1. Residue 42: accessible area at probe 1.4 Å, nearest 10 Å²?
2. Provide the per-residue ³J(HN,Hα) series for the range 60-67, in order, calculated from phi with Karplus coefficients 6.51, -1.76, 1.60 and θ = phi - 60°, each as a whole number of Hz, with x at glycine and proline positions.
3. At 1.4 Å probe size, what's the solvent-accessible area of residue 91? Round to the nearest 10 Å².
4. Residue by residue, what Karplus-based ³J(HN,Hα) values in Hz, rounded to whole numbers, does the range 46-54 have, using 6.51, -1.76 and 1.60 with θ = phi - 60° and x for Gly and Pro?
5. Step through the residues of the range 69-84 one at a time and calculate ³J(HN,Hα) from phi using the Karplus curve (6.51 cos²θ - 1.76 cosθ + 1.60, θ = phi - 60°), rounding each to whole Hz and writing x for Gly and Pro.
6. Count the net charge of all other residues whose Cβ sits under 9 Å from the Cβ of residue 91, scoring Lys and Arg as +1 and Asp and Glu as -1.
7. Whose amide H sits under 5 Å from the amide H of residue 91, counting only residues 5 or more places off or on another chain, with H placed in the peptide plane?
8. Leaving ligands, DNA and RNA out of it, rank 93, 66 by accessible area with a 1.4 Å probe, largest first.
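The values are calculated or read from the model by the stated rules, or taken from the named source; none is laboratory data. Fair warning: this is a prediction, and the values are worked out from it, not measured in the lab. Cβ sites come from the backbone with ideal geometry, for glycine too, and all protein chains shown count toward neighbours. For the accessible areas, the whole protein counts, side chains as well, though only heavy atoms, and no ligand, DNA or RNA atoms are used. Shrake-Rupley method; radii C 1.70, N 1.55, O 1.52, S 1.80 Å.
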Amino acid sequence: DVCSSDLQKLADLSEGIRRLSQELHPAVLEHAGLAAALRAYCSEVSSLTGIRVALEAEGSFDGLPSAASLCIYRIVQEALQNVAKHARVTEASVQLRRSLGVVSLTIADRGAGMAPERMGTAPGLGLVSIKERTRLVNGTVRIQSMPNRGTTITVRIPVDNWTAASA
């Protein structure tokens with residue numbers, strides 16, 4: 001005996017899940033590729049925050065495993081959100097390179113930075129997320145930061161003979 005309010009709740013829940021699913025895997029990533037998706041996202045960040053984000057992409061990202069592409073996209077999102085929240089800068093850079101079976105990603109700013117002792121003891125949820133995402137695709141992450149000198153996050157993901165840790 002299902003009433004119409006239950007059906008409406010179910011329809012609303014279904015729509016919410018559909019929207020969330022789209023947000024989790026942006027269509028532009030699938031259809032236009034990683035470099036175009038990052039270009040669009042960096043442009044969006046620039047227009048919303050006033051922070052000019054320069055993107056440099058080198059190499060071909062065709063055939064990149066979808067889990068690796070999504071990981072890189074999410075790390076850029078997280079890192080640029082951190083820049084917008086904490087760095088107090090007007091510009092940042094994103095560099096993406098693929099060579100010799102490795103994708104390298106560097107996100108950098110010359111802003112507020114963090115004291116080295118703060119990074120190891122109480123990393124924010126954003127840095128934890130970046131580290132965990134990188135681990136799941138068998139990559140490495142290096143975070144360098146100094147007060148008033150900015151932060152640089154470098155991620156390296158091997159993509160030859162690729163297998164995700166979660167697979």
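1. Only protein atoms counted, so the area is about 0 Å².
2. With the stated coefficients, the range 60-67 comes to 9, 10, 5, x, 5, x, 4, 5 Hz.
3. Using a 1.4 Å probe on the heavy atoms, I get roughly 100 Å².
4. Calculated HN-Hα couplings, in order: 4, 6, 7, 10, x, 8, 6, 10, 8 Hz.
5. 4, 5, 4, 4, 4, 5, 5, 4, 4, 4, 5, 6, 5, 5, 4, 4
6. Working: positive: 52, 110; negative: 109.
Charge balance in the 9 Å sphere: +1.
7. 52
8. Values: 93 40, 66 80 Å².
Accessible-area ranking of 93, 66, largest first: 66, 93.
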